[in-house]
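Notes for the one structure printed next.
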Amino acid sequence: MGVWIEVKKQVVRYLFKVRGVVQGVGFRPFVSNLALIHHLCGNVLNGGEGVVIDVEGDEKSIVRFAQALVENPPELARIEKITNDRMPIYGYKEFVIKHSEGKTSGKVLIPPDIAICSSCCKEINDAQDRHYHYPFTNCTKCGPRFTVVHNLPYDRKWTAMAPFSMCSDCNREYHDPSDRRFHAQPIACLKCGPQVELVDNAGALIAREEAVLVAGALLKKGHILAIKGLGGFHLACDAANSTAVKELRKRKNRPAKPFAVMCRDMETIKSHCYVTQAEMDLIRSPAAPIVLLQKCPNCALALEVAQGLNTLGVVMPYTPLHMLLLNQGPPTVVMTSGNLSHLPLVSDNRRALVELGSIADYFLRHNRDIANQCDDSVTTVIGGKKQFLRRSRGYVPEPIAVPVDMNAPVMLGIGGEMKNTFCLIHEGRAYMSQHMGEMNVIEGQQQLERSLKSFCQLIGIKPQVITGDLHPQYQSCRLADELTVKMKAKRHPGVQHHHAHLASCMAENGIDEEVIGVILDGTGYGLDGKLWGFEILHGDYQRFCREYYLDYVPLPGGEFAVRYPWLTAVAYLRTFLGERGKGVARCFFGDRQQELAVVEKMLLTGFNMPYASSCGRFFDAVAALLGVCVENTYEGQAAVLLSSLLPWFPSEASEFDFSTQLYPYSFAFQGHRVDPAQTWHEIIEDIDRGISSSIIAKRFHDTIIRIVVESVRRIERKTGLTKVALSGGSWNNRYLLGITRQILENQGFTVLCHQLVPPGDGGIALGQAMVAIKQDYFTANK
């Protein structure tokens, strides 16, 4: 018989430090359960630099523990770095979750808000569950994060949930390692958590216990409601009720800009829109953004929701409150930002009554404060790839890795004047803010300052260098000057608008080399003092060269021409068609004889006529000439309406038949200028021949594509560069982006597009910060 000899396992101790998005995503409970599975002792806590794990046990078990930590973390966690150090044996007898220690050092990442998970959905619909119909149900896999946190580490006492003491049931779940609410900081129930109430627009109480039920009934009756969500208030009405939608437009002073809608479920969405698998996955993702979809011909919603467009912005209920409301109310409701025109999103109950009381009939609100206001994100899918129109809820404040030296100074890019976001860069990570809105109002500037203070506190940093645009009249630049003094920072002189666009696209793609840049947008202040917006460049972060641009045209009245595209059309006709253009303008805009006479005089004298090379104004002029849009009531309206005349470019690249040939109008290269005179001649000829507006619109788009492709090929022949960055708001155009990208890729170019930040002005803060940090750091280290 053999003799069994017991071999003692060697006990060792390791200290792991985990950096990334590891607080607020159930990471400590995950570690605790993992340690129990592998029979390890020790502790885990939220530290100032992430999660700290002190673990003791058999060495092989610790190796398996570490492998599982890296290979199978919680779904919402994002591990950036793990370090481990061998420590002296301590003699732990159990594994516990300890209280948080230390102040945040900028290495802790707070997660974005997360849409309601399937388990919580099931509970709020289960009459036997204690979370039945509770509108603030959440767990470690879902619920508020960024919008409730005041400070780090991510513990309840540092969140908007601090005033709500847990009841015995919530306390039990919170401390039970086997429960999915184990250490879920926003945990709550009907007994102990936030409560919802319905009031009228004078603040008089209508209902509490039946608040959601009554609110749903009011929506069905055609009333307009203000609803407090995760990051602020929405204004809502029945999307199928034309009278209600018209009234909302009238009260909000929003005559044409499309509304987003929230649909009860995916089947409801499919009754209004075509949905691909990629779009469905994005709608159902934890971020739950608004997704632009192609409308079905039989869409039964009110035409006024998105009149004249072939798209509809759609979102699913992403909180229990939304889910309960849509179960009681209409299956599809308009869900638009709760704010007065040009002002920031409203997030405070008292301010909501003051600012939205003239718009909403009733308010469905709650008593949980919003620590960080945050608009919905807006996305689209083009060629199978996600693209942002607005990056906010569900994605902020998750950082973006950028090619920057870890020792570079903390940089702040203040962003643009419209669709503002700011960007902080620290240790190779870019922190883009939520959508701020417009900076030409004092409320927008105040909101930016509040949000910047919150970001700096959460990340544990302070800007050392601040930069912005070059435009001498931008309020955002004035704010950058003021913040430089307040924060005792260094002021970088500023970044040219289109250079910032180029740098933004390069940065999110991790590129740090010279590339070709095709920057198409409305207007940005140029180095020659004129307005740029149709720019074919090549360059890197430190410098750029403007190779080609659309020939300049005077804008009668400056910003007035941006508001009224027919003025830009007249300027194009007179500039490029001479006397013939004068006659064409009188033919097309003869009902405006008095105004036309003033414009013609301005064109002759040059009074108040800034010159612009702009893709956006090119679109405006063609749209006005076709009668599609003679007044822009929102930014980009003419371009959006013109593109809606085109065939739908599919979300999935495989669905598009590339055999379709381009049929562009003619144009000419005159040195560095692209001369569109022949384009205008041929457009007028097509109109005179009775060619349909949709064909003319497609030929116009094809012309833009041909100009871009030919310009890129010329630069490639000159420089040998083969990487092409596409940036600027015009690249939100599905057809323009989809076809251009395919043609360039088929010709051997590597095309860099935006997938992490918007191509429009919502992304330029990243580019500003990148250019400034590279220029500043390069100069300092010569």
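Descriptive notes on the structure:
- Residue pairs meeting the criteria (Cβ under 7 Å; at least 6 apart or on separate chains; first under 13 Å from Leu230 (Cβ atoms) and modelled with pLDDT of 95 or more, in the stretch 369-395; second open to solvent by 20 Å² or more (accessible area, probe 1.4 Å) and assigned to a strand (DSSP E or B)): Asp375/Ser337; Asp375/Arg390; Ser377/Arg390
- Taking the criterion of being surrounded by fewer than 23 Cβ atoms within 10 Å (Cβ to Cβ) and either part of a helix (DSSP H, G or I) or among the hydrophobic types (A, V, I, L, M, F, W, C) (or both), the residues of the stretch 303-314 that qualify are Leu303, Glu304, Leu309.
- Residue list for the stretch 712-737, restricted to those being crowded, with 22+ Cβ neighbours inside 10 Å and not aliphatic (A, V, I, L, M): Ser727, Gly728, Gly729, Ser730, Trp731, Asn732, Asn733, Arg734
- Pick from the stretch 349-401, criterion of a type in the set (S, T, N, Q) and part of a loop (DSSP other than H, G, I, E, B), ranking: farthest from Ala77 (Cα to Cα): Ser358
- Sole residue being assigned to a strand (DSSP E or B), open to solvent by less than 30 Å² (accessible area, probe 1.4 Å) and touching a strand residue (DSSP E or B) at 6+ places or on another chain (Cβ under 7 Å), chosen from Val334, Val404, Val346: Val334
- Filtered residue count, the stretch 508-556, keeping only those that are within 20 Å of Phe618 (Cα to Cα), open to solvent by less than 20 Å² (accessible area, probe 1.4 Å) and of a type outside the set (Val, Ile, Thr): 15
- Within the stretch 469-492, none of the residues are among the acidic types (Asp, Glu) and under 20 Å from Val396 (Cβ atoms).
- Matching residues in the stretch 1-22 - criterion: being open to solvent by less than 80 Å² (accessible area, probe 1.4 Å), assigned to a loop (DSSP other than H, G, I, E, B) and at pLDDT 70 or above: Val22
- Members of the stretch 601-631 found to be of a type outside the set (A, V, I, L, M) and either surrounded by fewer than 16 Cβ atoms within 10 Å (Cβ to Cβ) or more than 22 Å from Trp532 (Cβ to Cβ) (or both), listed by number: Lys601, Thr605, Gly606, Phe607, Asn608, Gly627, Cys629, Glu631
- So Arg478, is it open to solvent by 20 Å² or more (accessible area, probe 1.4 Å), closer than 29 Å to Ser347 by Cβ and over 18 Å from the mean Cα position of the chain (by Cα): yes
- Look at the stretch 474-496: where a residue is in contact (Cβ under 8 Å) with a residue 12 or more places away in the chain and on the phi < 0 side of the Ramachandran plot and a partner is among the charged types (D, E, K, R) and part of a helix (DSSP H, G or I), sitting 6+ places away or on another chain with Cβ atoms under 8 Å, you get Leu479/Glu449; Leu483/Glu449; Lys490/Asp776; Arg491/Asp481; His492/Asp776.
- When the criteria are applied in full, Met432 fails the requirement of being more than 27 Å from Asn339 (Cβ to Cβ), of a type outside the set (Val, Ile, Thr) and crowded, with 22+ Cβ neighbours inside 10 Å.
- Filtering the stretch 125-141 to residues that are surrounded by fewer than 21 Cβ atoms within 10 Å (Cβ to Cβ) and closer than 17 Å to Gly229 by Cα leaves only His133.
- Count of the stretch 211-247 residues, restricted to those that are within 28 Å of the chain's Cα centre (by Cα), under 25 Å from Val148 (Cβ atoms) and either assigned to a helix (DSSP H, G or I) or of a type in the set (Phe, Trp, Tyr) (or both), is 1.
- Verdict on Phe146 being within 30 Å of Ile461 (Cβ to Cβ), of a type in the set (A, V, I, L, M, F, W, C), at pLDDT 90 or above and crowded, with 23+ Cβ neighbours inside 10 Å: yes
- The residues in the stretch 407-429 that are closer than 16 Å to Leu345 by Cβ and either without any contact (Cβ under 8 Å) to a residue 40 or more places away in the chain or surrounded by fewer than 22 Cβ atoms within 10 Å (Cβ to Cβ) (or both) can be counted, and the count is 2.
- Members of the stretch 455-471 found to be at pLDDT 95 or above and among the polar types (S, T, N, Q), listed by number: Gln464, Thr467
- Among (1) touching a helix residue (DSSP H, G or I) at 6+ places or on another chain (Cβ under 7 Å); (2) at pLDDT 95 or above; (3) over 27 Å from Leu752 (Cβ atoms) - the single one Met432 does not satisfy: (3)
- Condition met for Leu502 (modelled with pLDDT of 95 or more, open to solvent by less than 10 Å² (accessible area, probe 1.4 Å), in a strand (DSSP E or B) and farther than 30 Å from Lys601 by Cα): no
- Test result for Tyr572, of a type outside the set (A, V, I, L, M), at pLDDT 90 or above and assigned to a loop (DSSP other than H, G, I, E, B): no
- Cross-chain or 6+ apart pairs with Cβ under 7 Å, the stretch 172-190 first and on the phi < 0 side of the Ramachandran plot and aliphatic (A, V, I, L, M), then open to solvent by 50 Å² or more (accessible area, probe 1.4 Å) and in a loop (DSSP other than H, G, I, E, B): Ile187/Met166
The values are calculated or read from the model by the stated rules, or taken from the named source; none is laboratory data. What you see is a predicted model; the values in this text were computed from it and never measured. Note that we place each Cβ from the backbone using ideal geometry, even for glycine, and neighbour counts take in every protein chain shown. Surface accessibility is based on the protein's heavy atoms, side chains included, excluding ligands, DNA and RNA. Shrake-Rupley method; radii C 1.70, N 1.55, O 1.52, S 1.80 Å.
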